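Enquirer: I am attaching a structure below and will ask some questions about it afterwards.
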């Protein structure tokens, strides 16, 4: 399986890393990055490791969720590709996530 990041996932990642650096320091950001990359590697070997999160009613695309501490990796499977669409703060309202996923094509 190949793993791809959407532009939104890159933006989310940058925002999270900057937040962790400013609030908790560089070491905490490195620890987060290491754990996140470990979880992404789990997906490469076990693409269904994340639970089904939401299916867009318009596109019928299924999104899955793999928890990585306070954030989740939101992804979808298309053929032999895992596409990471977002890194979601688990403290946010999940309805907001579903609204965002409804806007994706």
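Enquirer: Hey, rough spin-label estimate for residue 96 and residue 3, points 7 angstrom out along Cα→Cβ, what's it come to in nanometres?
Expert: About 2.5 nm separates the two model spin labels.
Enquirer: Taking Cα atoms, how many degrees apart are the long axis of helix 26-45 and the longest axis of the chain, rounded to 10 and kept between 0 and 90?
Expert: Roughly 30 degrees between the two axes.
Enquirer: Once the Cα atoms of helix 7-24 and of the chain are each reduced to a long axis, what angle between those two axes, in degrees from 0 to 90 to the nearest 10, is obtained?
Expert: In the chain, helix 7-24 runs at an angle near 30 degrees to the longest axis.
Here, each number is a calculation from the coordinates, and none is a lab measurement. Keep in mind the model is a prediction, meaning the values are calculated, not measured. Positions of Cβ are backbone-derived with ideal geometry, glycine not excepted, and every protein chain shown enters the neighbour counts.
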